[in-house]
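J.: Encoded as structure tokens, here's the structure I'll be asking about.
The values are calculated or read from the model by the stated rules, or taken from the named source; none is laboratory data. For clarity, every value in this text was computed on a predicted model and none was experimentally measured. Cβ atoms come from the backbone with ideal geometry, glycine included; neighbour counts cover every protein chain shown. When the accessible area is computed, the model is the full protein with side chains, heavy atoms only, and any ligands, DNA or RNA have been set aside. Shrake-Rupley method; radii C 1.70, N 1.55, O 1.52, S 1.80 Å.
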Amino acid sequence: MKQSQFTECQIISALKEYEQGVKVADIARKLGVSEKTFYRWKSKYGGMDIKELKRIKELEKENSELKKMYAEMALVNNALKALAPDDKREAISYLISSHKISQRKACKLLDLPKSTYLYKKKPKQDDRYIDLLNDLVQKHVSIGFWQCYYRIRRTGYIINHKKLYRIYTEMKLNLRRKSKKRLPARVKRELFQPAAMNEVWSIDFMSDSLWNGRKIRLLNVIDDYNREILWIETDTSLLTHRVIRTLEALKESRGLPKMIRVDNGPEFISGKLSL
């Protein structure tokens with residue numbers, strides 16, 4: 001907005017001349033403005049004197065400062081209301097001790113109920129339950145929460161499951177615990193060396209992929225005496241019943257051996273496979 005070359009005091013002086021009987025055309029010619037501009041001054045500043053104008057300016061300045069102060073206080077107030085209850089308690093205690101503000105007013109300022117401010121925390125008595133959980137976890141590595149809960153209840157401790165679960169999670173027992181897998185000890189024995197054909201067979205699987213990336217599996221049956229390949233069964237999937245069918249076909253053609261060597265694959269440990 002373009003600033004006028006005349007001060008507000010000059011404008012009011014020109015309006016006073018008009019009130020004293022000087023014509024508008026003469027005042028406009030004297031000031032070098034149009035009559036339209038003069039009438040705009042008259043609609044804005046008509047009936048004012050210099051003291052009233054100064055007072056209006058002071059009020060506008062005070063109003064601007066109050067708006068700025070209110071915006072800053074509102075920002076601080078919103079930030080204080082976002083604090084946690086414990087932080088609000090500390091802030092209220094500081095206001096009461098340092099600024100002599102009443103307890104009711106300080107609680108209202110920080111939007112905290114007086115009952116919450118006066119609440120005294122009770123110390124948690126979780127030590128005995130922590131010891132019980134530690135004992136159970138050490139004895140039973142894979143034990144879960146509900147098994148711990150029922151075992152503790154059966155020992156005579158009356159505890160709410162939500163409280164016990166809080167302790168359980170604080171101890172980070174809800175996270176999966178990695179334990180070393182212990183395989184049973186086996187007696188190492190030398191492999192039996194067959195002395196003739198059809199004494200020992202070995203059965204195992206192999207895998208390969210076609211030109212288009214599709215996986216295939218191969219079932220190999222080998223005579224351990226002369227390393228003769230007795231059968232190769234090929235398909236995209238070979239289940240237990242395919243192993244049984246292969247052995248039945250070999251049984252009809254050359255009979256079954258005295259011993260068959262296999263690994264612990266899922267196709268061989270199935271209950272359907274009985275030799």
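J.: At a threshold of 8 angstrom on Cα-Cα distance, excluding pairs fewer than six apart, so keeping six or more, what relative contact order does the chain reach in percent?
T.: 9
J.: Here's a follow-up. Specify the residue with the greatest mean-square fluctuation among SER209, SER93, SER13, computed from a Gaussian network of the chain linking alpha-carbon atoms under 10 Å apart.
T.: Of SER209, SER93, SER13, the Gaussian network model singles out SER209 as fluctuating most.
J.: Let me ask something else about it. Considering amide H positions built from the backbone, and no H for Pro or chain starts, which residues 5 or more places from ILE216, or on another chain, come under 5 Å of its amide H?
T.: ASP208, SER209, LEU210
J.: Quick one: which residues, 5 or more positions from ILE260 or on another chain, have an amide H under 5 Å from its amide H? H modelled 1.01 Å from N in the peptide plane, none for Pro or chain starts.
T.: Distant-sequence amide H within range of ILE260: TRP201.
J.: Under the rule of -39500 (n - 2.57) per DSSP H run of 4 or more residues, summed and divided by the residues of the chain, what mean residue ellipticity at 222 nm is obtained, to the nearest 500 deg cm²/dmol?
T.: -15500 deg cm²/dmol
J.: Here's something else I'd like to know. Can you tell me how much longer the chain between ILE96 and SER115 gets when fully stretched, taken as 0.36 nm per residue apart minus their C-alpha distance, in nm with one decimal?
T.: Length difference between fully extended and current span is 5.2 nm.
J.: Also, quick follow-up: In whole Hz, what ³J(HN,Hα) sequence does region 207-221 give by Karplus (6.51, -1.76, 1.60; θ = phi - 60°), x for Gly and Pro?
T.: 10, 8, 9, 7, 5, 8, x, 6, 7, 10, 10, 10, 9, 10, 10
J.: Return the sequence-ordered ³J(HN,Hα) values of region 62-77 in whole Hz as given by the Karplus equation 6.51 cos²θ - 1.76 cosθ + 1.60 applied to θ = phi - 60°, using x for Gly and Pro.
T.: 5, 4, 5, 5, 5, 4, 5, 5, 5, 5, 5, 5, 5, 5, 5, 5
J.: Just one of (i) 1.01; (ii) 2.58; (iii) 1.15 is Cα Rg over 2.2 N^0.38 Å as worked out from the coordinates here. Which one is it?
T.: (ii)
J.: Output wanted: per-residue J couplings in Hz (rounded whole) for region 106-116, from phi through Karplus 6.51 cos²θ - 1.76 cosθ + 1.60, θ = phi - 60°, x for Gly and Pro.
T.: With the stated coefficients, region 106-116 comes to 5, 5, 5, 5, 9, 6, 10, x, 5, 5, 5 Hz.
J.: Still on this model: Measure off, as a whole percent, the carbon and sulfur share of the 1.4 Å-probe accessible area of the chain, all protein chains present.
T.: C and S atoms contribute 53 percent here.
J.: Can I ask one more? Around ALA74, under 14 Å between beta carbons, what's the net of Lys plus Arg minus Asp minus Glu among the other residues?
T.: +1
J.: Given charges of +1 on the Cβ of Lys and Arg and -1 on the Cβ of Asp and Glu, with all other atoms neutral, how large is the dipole of the chain about its Cα centre, in debye to the nearest 20?
T.: Charge dipole, the chain, about its Cα centre: 1480 debye, nearest 20.
J.: Would you pull out the residues with amide H under 5 Å of ASP204's amide H, same chain only if 5 or more places away, H placed 1.01 Å from N?
T.: ASN220
J.: Another one. Write down the accessible area per residue of region 107-167 in Å², having rolled a 1.4 Å probe over the full set of protein chains.
T.: Using a 1.4 Å probe on heavy atoms only, each residue of region 107-167 averages 77 Å².
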